[in-house]
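Heads up, the thing below is written out as C-alpha cells.
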Amino acid sequence: MTPGMSMAREMPKRVNRRDRRRLLPAVAKKYRQMWSQLGDDAMARMSKLQSWLLPLEPVGEIKDSPTIQARLGSVLLDPTYQLK
C-alpha cells in the first residue's frame, strides 16, 4: 500500500447529483429555521451574523438580502473574515 492509496481512502466521498437533489430541500429548510431564530428584525440578524463571523467591522458592503445564503455569502467574502 502506497501513501497515496491511504490518502485516497481518507478523502470524503463526493455527494452525487441524485443525493444532492434529495438533500437540497432539507438543507434549505434548515437555513430558513436558523435565519428565523436570529430574530425578526433584519438589522438584528445582520449584526448577529457579523458578530459571529467577523472579528472587526466589515471593510466592504454587506448585501442587504432577505435570504440567509446571500447574506452569509457576502459576510464570508468580506476580507475581515480572513482575520478570524
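All of the numbers you see were taken from the coordinates with simple rules; none came from a lab. Note that the structure is predicted; figures quoted are calculated from it, not measured. Cβ coordinates were reconstructed from backbone atoms using ideal geometry, including for glycine residues, and neighbour counts include every protein chain displayed.
Within the range 24-54, being among the hydroxyl-bearing types (Ser, Thr, Tyr) and loosely packed, with under 13 Cβ neighbours inside 10 Å holds for SER36, SER51. Scan the range 67-79 for residues that are in contact (Cβ under 8 Å) with a residue 24 or more places away in the chain and within 19 Å of VAL27 (Cβ to Cβ) and the total you get is 5.
If the condition is being in a loop (DSSP other than H, G, I, E, B) and surrounded by 13 or more Cβ atoms within 10 Å (Cβ to Cβ), then the range 66-76 contributes only THR67. Would you point out the residue of the range 39-65, among those that are touching a residue at least 24 places away in the same chain (Cβ under 8 Å) and in a loop (DSSP other than H, G, I, E, B), that is farthest from the chain's Cα centre (by Cα)? Of everything passing the filter in the range 39-65, LEU56 is farthest from the chain's Cα centre (by Cα).
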